[in-house]
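J.: Attaching a single structure in structure tokens format; questions to follow.
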Amino acid sequence: MKTKSLLFIPAALLVLTLTNCMKKPMACVDSETKTAKAGQTVSFDASCSMDAYHYEWEFGDGSTGSGATVSHAYNSTGSYTAKVKAMSKNMKKESEKTITVTVN
């Protein structure tokens, strides 16, 4: 009986570890809209995302970034759609959020 109990503990830890790797993240951003002047740095923050371990950003002007918090300057006026992709620990599950950036 004692050996069955001892085998159960490592098996349970393995299941918990695998379950955490398989959770789908939920992307979150600090604001869904931003306004800036051309050349001004805009800050983006997705650290409120749940179960996310990796972050990839597309700023809508061909530039990209990575990390929970990033900054980017838009050189031309216009409306841009920035997107963050929050990914799970094993990078197989993801969630996205978009931000509309208006540059005057």
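J.: Regarding the range 87-103, can at least one residue be identified that is open to solvent by 30 Å² or more (accessible area, probe 1.4 Å), over 17 Å from PRO25 (Cβ atoms) and at pLDDT 95 or above?
T.: The answer is yes, given that some residue of the range 87-103 is open to solvent by 30 Å² or more (accessible area, probe 1.4 Å), over 17 Å from PRO25 (Cβ atoms) and at pLDDT 95 or above.
J.: Give me a count of the residues in the range 46-83 that are among the aliphatic types (A, V, I, L, M) and either closer than 15 Å to LYS24 by Cα or assigned to a loop (DSSP other than H, G, I, E, B) (or both). If you could, list the steps in order and put the result at the bottom.
T.: Taking the range 46-83 and keeping what is among the aliphatic types (A, V, I, L, M), we get 46, 50, 52, 68, 70, 73, 82.
Within this subset, residues satisfying the condition of being either closer than 15 Å to LYS24 by Cα or assigned to a loop (DSSP other than H, G, I, E, B) (or both) are 46, 50, 52, 68.
Of the residues in the range 46-83, 4 are among the aliphatic types (A, V, I, L, M) and either closer than 15 Å to LYS24 by Cα or assigned to a loop (DSSP other than H, G, I, E, B) (or both).
J.: For the range 88-96, state whether one or more residues are in contact (Cβ under 8 Å) with a residue 24 or more places away in the chain, within 13 Å of SER43 (Cα to Cα) and not in a strand (DSSP E or B).
T.: no
J.: Pairs only if they're at least six apart or on different chains, beta carbon under 9 angstrom, first in the range 53-67 and closer than 20 Å to THR35 by Cβ and among the acidic types (Asp, Glu), second modelled with pLDDT of 95 or more and open to solvent by 50 Å² or more (accessible area, probe 1.4 Å); list them, first residue then second.
T.: GLU58/THR64; GLU58/THR81; GLU58/LYS83; ASP61/ASN75; ASP61/SER76
The values are calculated or read from the model by the stated rules, or taken from the named source; none is laboratory data. Quick caveat: nothing in here was measured; it's all calculated off a predicted structure. Neighbour counts are summed over all protein chains in view; Cβ atoms, including those assigned to glycine, are modelled from backbone coordinates with ideal geometry. Heads up: the accessible areas ignore ligands, DNA and RNA and are worked out on the full protein's heavy atoms, side chains in. Shrake-Rupley method; radii C 1.70, N 1.55, O 1.52, S 1.80 Å.
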